[in-house]
Amino acid sequence: MSSDALPRTAVAPVPGDRPAASTIVGKRDWRRPGARVALYLILLIGGLMMVFPFVWMVVSSLKSASEIYSLSLVPPNPSLANYREVLNETPFIRWFANSLLVAGITTASVAFFDSLVGYVLAKFRFPGRTLIFLVILSTLMVPTEMLVIPWYVLSIEMGWTDSYWGIMFPGVISAFGIFLMRQTFVKMPRDLYDAARLDGCGHARYFAGIVVPNCLAAFASLGLLTFLSSWNAYLWPLLVTNRTEMRTVQVGIRYFMDSDQGNQWGALMAASTLVVVPTLIAFLIAQRLLVEGFASAGIKG
């Protein structure tokens, strides 16, 4: 009788025996030195590709007009002349302040109103709640370009052109923010709310003292996305502003490019570098809040 015909018996694993190398090699391939080096090399190349345009912009802002087309990443004679030209020859500080004011107020408004609406839709029980939420979600399917004309007609009729409110009002509340905050609040355990109610905690105190500290990650994400969207807005501020002093920084840079000074690439790179600074600061702040929110939340849905 051949050995293949013999019955096979299952052998129970002996406690303490290590599994065969063939069963774990697939799970630990990435831990091998060669695989780790390859992984870090890929990440390094990807990081350099993303950072290189920003580095090139900063380096070019320090070059003179005769050096701007050189491929060197180290300016032979670094100078801040381009920054002085932007700040002295254009109302860049006013444009910068306009964008900072609009983006800051818009971010605060969205965080406040969207969180309140999301909390109501998540924790309150009333007829038509689901229908209201679906109507809010349906507005996400409407392209912004279709809303520009109604916004512009409303601004003309209400006299909001060339005003801060005219720039801000389309973004003081967002459907995406309501959706994000509502989904975040729904995941919070009901027992936490019931315990707060037993301690005599009302909705306002529960929201401010428990919900907000435990949802910092969602607030940081919403605030960062809102700030970046408002700061980088171009189409609507271009349509609703006519006076030079009311332009936002994005519109102002565009007019600077169309002017006689637009061919001065060093000055343009300097202006672009200054525009990027608030977004980097906002990202650093949001990143810290995200980490703190995840570390201190301690909530399991």
Exercise for the section: List every residue pair whose Cβ atoms lie under 6 Å apart, where the two residues are 6 or more positions apart in sequence or sit on different chains, the first residue falls within the range 156-184 and is over 15 Å from residue 112 (Cα atoms) and surrounded by 18 or more Cβ atoms within 10 Å (Cβ to Cβ), and the second residue, located anywhere, is among the small types (Gly, Ala, Ser) and at pLDDT below 95. Expected result: 160/166; 166/155
Problem - Residue list for the range 176-197, filter: modelled with pLDDT under 85 and either of a type in the set (Lys, Arg) or outside the structural domain of residue 224 (by TED's automatic domain parsing) (or both) - result: 190, 197
Exercise for the section: Check the range 237-258 and report whether any residue there is modelled with pLDDT of 90 or more, surrounded by 15 or more Cβ atoms within 10 Å (Cβ to Cβ), touching a Gly at 6+ places or on another chain (Cβ under 8 Å) and not in a loop (DSSP other than H, G, I, E, B). Expected result: yes
Handout entry: Selection status of residue 74, crowded, with 18+ Cβ neighbours inside 10 Å and over 18 Å from residue 257 (Cα atoms)
Key = no
Problem - Matching residues in the range 64-79 - criterion: being within 25 Å of residue 51 (Cβ to Cβ) and either touching a strand residue (DSSP E or B) at 6+ places or on another chain (Cβ under 9 Å) or in contact (Cβ under 8 Å) with a residue 24 or more places away in the chain (or both) - result: 64, 68
Exercise for the section: Taking residue 50 as the residue in question, decide whether it is closer than 23 Å to residue 281 by Cα, outside the structural domain of residue 137 (by TED's automatic domain parsing), of a type outside the set (D, E, K, R) and surrounded by 15 or more Cβ atoms within 10 Å (Cβ to Cβ). Expected result: no
Handout entry: Residue selected from the range 259-271 under the condition surrounded by fewer than 18 Cβ atoms within 10 Å (Cβ to Cβ) and in a helix (DSSP H, G or I), by the criterion modelled with the lowest pLDDT
Key = 262
Exercise for the section: Please indicate, with yes or no, whether at least one residue in the range 91-112 is at pLDDT below 90 and farther than 30 Å from residue 220 by Cα. Expected result: no
Exercise for the section: Residue by residue through the range 221-236, note down the ones that are surrounded by 15 or more Cβ atoms within 10 Å (Cβ to Cβ) and either touching a His at 6+ places or on another chain (Cβ under 9 Å) or outside any helix (DSSP H, G or I) (or both). Expected result: 233
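For (1) in contact with a Ser or Thr (Cβ under 6 Å, 6 or more places away or on another chain); (2) of a type in the set (Phe, Trp, Tyr), each residue gets a yes or a no:
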residue: 127; (1), (2): no, no
residue: 139; (1), (2): no, no
residue: 181; (1), (2): yes, no
residue: 206; (1), (2): no, yes
Exercise for the section: Inspect the range 83-90 for any residue being surrounded by 14 or more Cβ atoms within 10 Å (Cβ to Cβ) and without any contact (Cβ under 8 Å) to a residue 40 or more places away in the chain and give the result as yes or no. Expected result: yes
Exercise for the section: Please verify whether the range 184-204 includes one or more residues that are assigned to a helix (DSSP H, G or I), of a type outside the set (Asp, Glu) and within 23 Å of residue 288 (Cβ to Cβ). Expected result: yes
Exercise for the section: Please give the number of the condition residue 210 fails out of (1) at pLDDT 85 or above; (2) in a helix (DSSP H, G or I); (3) under 27 Å from residue 87 (Cα atoms). Expected result: (3)
Problem - Candidates 205, 129 - the one that is closer than 23 Å to residue 108 by Cβ and either touching a strand residue (DSSP E or B) at 6+ places or on another chain (Cβ under 6 Å) or among the basic types (Lys, Arg) (or both) - result: 205
Completion exercise
The residue from 153, 148, 110, 102 that alone is assigned by TED's automatic domain parsing to the domain that holds residue 244, in a helix (DSSP H, G or I) and either small (Gly, Ala, Ser) or closer than 30 Å to residue 203 by Cβ (or both) is 110
Practice task
May I ask you to verify whether residue 218 is more than 30 Å from residue 97 (Cβ to Cβ), surrounded by 11 or more Cβ atoms within 10 Å (Cβ to Cβ) and of a type in the set (Gly, Ala, Ser)?
Solution key: no
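The values are calculated or read from the model by the stated rules, or taken from the named source; none is laboratory data. Model, not experiment: these values are computed from the prediction. All Cβ positions, glycine included, derive from the backbone under ideal geometry; neighbour counts span all protein chains shown.
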